[in-house]
Amino acid sequence: GKCRNSVQLWENGTVTWRAMARIHQINISDGGVPKLPLDQATVGVDGMDGDRQADRKHHGGPDQTLCLYSLEVIEMLRAEGHPIAPGSAGENLTISGLDWASVAPEQRFRIGADLTIEITDVTTPCAKNAQWFVDRNFRRMSDSKHPGSSRWYAKVLTPGLVKTDDPVVQLSS
């Protein structure tokens, strides 16, 4: 019902409902894109079990342990005619219900019961993602050209298990 993916808020003496951020999809690959969905995965300080990057020179490392993307941004890109889908852009976690334009470095989130991450930086668009754009203009995902449309990198502070539909909660700084 109404409570499954929402939180109750008290505003000006009235009760309102707001969607809660959650994991829409968990994605891994043996290198390259698209990454394919799983129901759950263990995430450690070195990354997500079963996932790897083909190009370790430009991807991975402690500040790029996880790649995150917004379901709402993907849906916006699809509405523009681009054949992108969750996992296509190489993100490990496709998140729904998060105000993507407000995500910034040093923000911390708890995902599920234990996983804690810290946002480190926007990703640089990769040419391997050109196939997801009708005009092959993968820079459509560039934060400098299209603020709020980029994927984000995060480092893992506390390892944990993540499952589809797990809540994504911003922690106080």
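The values are calculated or read from the model by the stated rules, or taken from the named source; none is laboratory data. Just so we're clear, the structure is a prediction, and the values are computed from it rather than from any experiment. FYI the Cβ positions are ideal-geometry reconstructions off the backbone, even for glycines, and counts take in every protein chain you see.
Ala85 - would you say it is assigned to a loop (DSSP other than H, G, I, E, B), surrounded by fewer than 19 Cβ atoms within 10 Å (Cβ to Cβ) and in contact with a helix residue (DSSP H, G or I) (Cβ under 9 Å, 6 or more places away or on another chain)?
Details: assigned to a loop (DSSP other than H, G, I, E, B): yes; surrounded by fewer than 19 Cβ atoms within 10 Å (Cβ to Cβ): yes; in contact with a helix residue (DSSP H, G or I) (Cβ under 9 Å, 6 or more places away or on another chain): yes.
Judged against the criteria, Ala85 is a match.
Every residue, every condition in (1) modelled with pLDDT of 95 or more; (2) within 25 Å of Leu171 (Cα to Cα), yes or no:
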position: Met76; (1), (2): yes, no
position: Arg108; (1), (2): yes, yes
position: Asp114; (1), (2): yes, yes
position: Thr124; (1), (2): no, no
position: Asp135; (1), (2): no, no
position: Leu157; (1), (2): yes, yes
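Going by the conditions given, is Arg136 more than 16 Å from the chain's Cα centre (by Cα) and either closer than 18 Å to Asp46 by Cα or not small (Gly, Ala, Ser) (or both)? Break it down into steps so the answer makes sense when it comes.
On the way: more than 16 Å from the chain's Cα centre (by Cα): yes; either closer than 18 Å to Asp46 by Cα or not small (Gly, Ala, Ser) (or both): yes.
Answer is yes for this residue.
Inspect the range 100-119 for any residue being in contact with a helix residue (DSSP H, G or I) (Cβ under 7 Å, 6 or more places away or on another chain) and not polar (S, T, N, Q) and give the result as yes or no.
Let us first name the residues in the range 100-119 that are in contact with a helix residue (DSSP H, G or I) (Cβ under 7 Å, 6 or more places away or on another chain), namely 100.
With not polar (S, T, N, Q) added as a condition, the list becomes 100.
Scanning the range 100-119 turns up at least one residue that is in contact with a helix residue (DSSP H, G or I) (Cβ under 7 Å, 6 or more places away or on another chain) and not polar (S, T, N, Q).
Restricting to the range 129-145, what's the tally of residues that are touching a helix residue (DSSP H, G or I) at 6+ places or on another chain (Cβ under 9 Å) and surrounded by 15 or more Cβ atoms within 10 Å (Cβ to Cβ)? Step through it out loud before you land on a result.
Step one: list which residues in the range 129-145 are touching a helix residue (DSSP H, G or I) at 6+ places or on another chain (Cβ under 9 Å), which gives 129-133, 136-138, 140-141, 145.
Subsequent filtering for residues that are surrounded by 15 or more Cβ atoms within 10 Å (Cβ to Cβ) retains 129, 132-133, 138, 140-141.
Qualifying residue count, the range 129-145: 6.
Is there a residue in the range 98-110 that is β-branched (Val, Ile, Thr) and within 12 Å of the chain's Cα centre (by Cα)?
yes
Looking at (1) within 18 Å of Thr42 (Cα to Cα); (2) surrounded by fewer than 17 Cβ atoms within 10 Å (Cβ to Cβ); (3) at pLDDT below 95, can you tell me which one Gly90 breaks?
Looking at each condition in turn, Gly90 falls short on (2).
Taking Asp63 as meeting all but one of (1) at positive phi; (2) modelled with pLDDT under 95, write down the number of the exception.
Unmet condition: (1).
Hey, can you tell me all the residues within the range 78-106 that are among the acidic types (Asp, Glu) and more than 19 Å from Leu171 (Cβ to Cβ)?
Here is the first cut: in the range 78-106, the ones among the acidic types (Asp, Glu) are 80, 91, 99, 106.
Across the range 78-106, the qualifying residues are Glu80, Glu91.
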